[in-house]
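> Here it is: the structure, laid out below.
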Amino acid sequence: MVSIKPAEEKDFEFWYSLKCEDDNIFWAGLGEEKPDREKLKAFFDKTVSLAEKHGERKLFIVFDDDEPIGEISIKPSGENCGIPFSISESKRGNHRAEDTFKLGLQKAKELGFKRFDGRVREDNLASFFCLAICGVKKSGEYDTEFIPNLNKEIKVYHVYKDL
């Protein structure tokens, strides 16, 4: 059963290994470079230390039973929030992404947010499918962004769901 728990200092090694997976590097647009460990450690430590403060990002580790399988964040933006998440490449399937995102929506609502606002690259069909199952809609608006590892511009659609 999928659950989420607030990230703690002891979770950094798992979180960093997740960020170093090929899929996460690809979707972050980093080319083939692994993220800088020290920069991510500083970001992780700051995020964990400010987790209780209103208006700050909340980082959670996703578990299936007692095994860590991913991460999800609540990123405040006024009354709205973003909810980026990732499931480890080796743990995908069995509706884990949908279950994780639904827990993120529930947590965002508990924290008092009114709406989820997100952005999804046009080539990220798995995310579109997952978010649609969870009732998220495309707004019709999009930006174009240059993605270095693809060496081209692509559309990044705005998506939303009232909480």
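The values are calculated or read from the model by the stated rules, or taken from the named source; none is laboratory data. All figures in this text were calculated on a predicted structure; none of them were measured in a lab. Note that each Cβ is placed from the backbone with ideal geometry, even for glycine, and that neighbours are counted across all protein chains shown. For the accessible areas, the whole protein counts, side chains as well, though only heavy atoms, and no ligand, DNA or RNA atoms are used. Shrake-Rupley method; radii C 1.70, N 1.55, O 1.52, S 1.80 Å.
> Give region 1-25 a look and list any residue that's buried (at least 16 other Cβ atoms within 10 Å of the Cβ), more than 18 Å from residue 97 (Cα to Cα) and among the aromatic types (Phe, Trp, Tyr), or say none.
12
Let's see how each residue does on (1) more than 27 Å from residue 50 (Cα to Cα); (2) of a type outside the set (Val, Ile, Thr); (3) in contact with a Pro (Cβ under 9 Å, 6 or more places away or on another chain):
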position: 61; (1), (2), (3): no, no, yes
position: 88; (1), (2), (3): no, yes, yes
position: 113; (1), (2), (3): no, yes, yes
position: 119; (1), (2), (3): no, yes, no
position: 137; (1), (2), (3): yes, yes, no
position: 146; (1), (2), (3): yes, yes, no
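> Mind checking which pairs have a first residue in region 119-145 that is under 22 Å from residue 103 (Cβ atoms) and a second that is in a loop (DSSP other than H, G, I, E, B) and modelled with pLDDT of 95 or more, Cβ under 7 Å, 6 or more apart or different chains?
Once the first residue is under 22 Å from residue 103 (Cβ atoms) and sits in region 119-145, no partner that is in a loop (DSSP other than H, G, I, E, B) and modelled with pLDDT of 95 or more comes close enough.
Condition check ((1) among the basic types (Lys, Arg); (2) modelled with pLDDT of 95 or more; (3) within 17 Å of residue 92 (Cβ to Cβ); (4) not in a helix (DSSP H, G or I)) across all residues:
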residue: 23; (1), (2), (3), (4): no, no, yes, no
residue: 26; (1), (2), (3), (4): no, no, yes, no
residue: 35; (1), (2), (3), (4): no, no, no, yes
residue: 45; (1), (2), (3), (4): no, yes, no, no
residue: 51; (1), (2), (3), (4): no, no, no, yes
residue: 56; (1), (2), (3), (4): no, no, no, yes
residue: 62; (1), (2), (3), (4): no, yes, yes, yes
residue: 76; (1), (2), (3), (4): no, yes, no, yes
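> On to the next question. Six or more apart or on different chains, Cβ under 6 Å: which pairs go from a residue in region 1-29 that's over 25 Å from residue 122 (Cβ atoms) and touching a residue at least 12 places away in the same chain (Cβ under 8 Å) to one that's of a type in the set (S, T, N, Q) and open to solvent by 90 Å² or more (accessible area, probe 1.4 Å)? Could you list them?
From residues that are over 25 Å from residue 122 (Cβ atoms) and touching a residue at least 12 places away in the same chain (Cβ under 8 Å), there are no pairs.
> How many of the residues making up region 79-134 are farther than 16 Å from residue 4 by Cβ, part of a helix (DSSP H, G or I), open to solvent by less than 60 Å² (accessible area, probe 1.4 Å) and among the charged types (D, E, K, R)?
0
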